[in-house]
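The numbers here are math on the coordinates, done by the rules we state, and not lab data. Since this is a predicted model, take the numbers as computed values, not measurements. Note: ideal-geometry Cβ built from the backbone for every residue, glycine included; neighbour counts use all protein chains shown.
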Amino acid sequence: MKADFSKIKETLLKSAETFEESGALLLNHEGKTVLSTCYGFTERDSENKTPITEKSRYLMPLDCSGMLTLCILILADMKKLSLSDKISRFIPEFEHANKITLRQLLAGKSGIRDFYYGEILRKLHENEEYSSLSDIERRKYDMQLYLKDYSFKTVLKSLEGKTLEHEPGVSGDYSSSERFFLREIVERTSGMSLEKFAEKHIFMPLDMTETKMGMDKTALPLYTRYRNKENIPFNLENTDYRFFSSTVSDLEKLMLGIMNRKIFSEKQWKAATKLDKDNEGLGFSSFRGMLCFYMEFESFETATMYFDPENDFCYMRIKNCPGKYIEEGDSNYLSFSKDCCTEIEPLFTYPKNTKMVPYGAKNWRQASALEILPEQREFVCGAYETIAYAAAHKNHKLFVEMEGGRAVGLLDLSVDKKKGDYTIEIVLIDKRYQGRGFGKIMLRFAVDYLKKAGAKRLSIGVNRFNIPAQRLYKSVGFIEDCVYEEGIFMTQNLVPED
């Protein structure tokens, strides 16, 4: 199927306007740029309505966890360090260094107390003058504190005598202290500043000629969003925070460099993208089945890169201001990032490496986000209802159909060996992946699974007016048994009749 990228572009531009997103979106497939667009204005909430263009420059945080991960992976390839090293090898003066591995530090599971939020802001709340400020004025003050380039010596001193927040390796929140430790390890191990190391081993090898180190007054201003309502600009005039500035075309080179292992090896890629039970790797995580790489600054991601190596496509969103989100009910929200995934993921998702896996902790979020077409609602349960229905019946087995790392469908089976009851209860294929063969794969799995469980005859109910479902069931061997006013009862014998 050939994608209509002009239509997708139009849809996403409308979405960017709805969610007040400003920045750029670029999609690359098989090494070719197939979609590139800019949206929004250089300044938010002002009379200056200069549109963002492909020539616009963006400020990026150099010592964010994503960029620091790249540096560590490169050093690992250079045999300067190993991910299994205790950080005492690099920072012996830290009292807990012998308890923490470099891998745990990269994964945000070091247990090191948060220097910024746990120390600086905590002490500020004891200050009467600070506490007397309005909420928004405190937020602006916090932003200025964040922009300081604290020395590692300052960070280390603030942690003296402090116990770890949790045992290293245990899941926990990322600590802002970890980036200071990682930066120090890069600089001590390489013998050069983070800026020089990144320039020599990342930007130059990728021919990122439009990328500049340090502050850039020609770059777009940076904003944070206050309580999803108001945009607050960062005051960058006197900051010594470590930035680099770049363009869309250069950041595409970085994205492809990561995708194609141009700056680190396949071995390091596998180590970084191996996800834990929380779908987190080292500098990478998973969002709706896509590997994600973030360049985050303060309270938002300045750039997010999404990778699907199996289908040879990747895309990125760059922004200088976080978009808003819209709440939908008690458990869902709408955002520009979700709209991007909704439009882009299906373009290249076809049966290739399809598996049926039990519903559980690693896939519940994706499974619950599956959607059906509005016209199917009278025939098929939605994802939440399917999950709840399966959970309410002890004999039910719930499976998620995965294409690579992406959930595409849900299957609920009823297995009661005592009563000899084996039923296909619910078959759900996400609206974006229907008509591609995923339903047939799911049903063949269901038949084989139930046959192995002891079923000799299967039954399934289908709405009389749901013609596509009837065709699907017939394609895997079901035949009409009884036809009622609203529904059809279909069966399949699994053993030869006497």
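Some values worked out for this structure:
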read-out	value
Nearby lysines by direct alpha-carbon distance to K451 (threshold 30 angstrom, same-chain neighbours under 8 apart not counted)	K352, K355, K362, K394, K397, K417, K418, K419, K431, K440, K474
In segment 397-498, GluC sites (Glu not before Pro) in a DSSP loop with at most 13 other beta-carbon atoms within 10 Å	E485, E486, E497
Reachable aspartates and glutamates, given that their alpha-carbon falls under 19 Å from the alpha-carbon of K267 and they are not under 8 places away in the same chain	D77, D85, D276, E280, D308, E310, D312
Per DSSP, loop trypsin sites (Lys or Arg not before Pro) in segment 141-187 with at most 15 further Cβ within 10 Å	K148, K162
Mean projected area (nm²) of the alpha-carbon convex hull when segment 159-247 is viewed from all directions	9.5
Rg/Rh (Cα only; Kirkwood hydrodynamic radius) as it applies to segment 107-221	1.04
Selected from Y384, T163, L83, residue furthest toward positive end of dipole (the chain; charges at beta carbon)	L83
Counting all C-alpha pairs of segment 427-498, share separated by more than 21 Å (%)	28
Cα-centred dipole magnitude for segment 351-493, charges only on beta-carbon of K, R (+1) and D, E (-1), debye, nearest 20	720
Members of K200/K270; K229/K319; K14/K253; K123/K153 lying beyond 21 Å, as alpha-carbon distances in this model show	K200/K270; K14/K253
For the chain, Kirkwood radius (reciprocal of mean inverse C-alpha pair distance, Å)	25.4
Cβ-placed point charges (K, R +1; D, E -1), dipole of the chain about Cα centre in debye, nearest 20	1560
Lys/Arg +1, Asp/Glu -1 at C-beta; the chain dipole; positive extreme among L494, N98, Y150	L494
Semi-axis lengths (Å, descending) of the ellipsoid that matches the C-alpha gyration tensor of segment 351-493	22, 18, 15
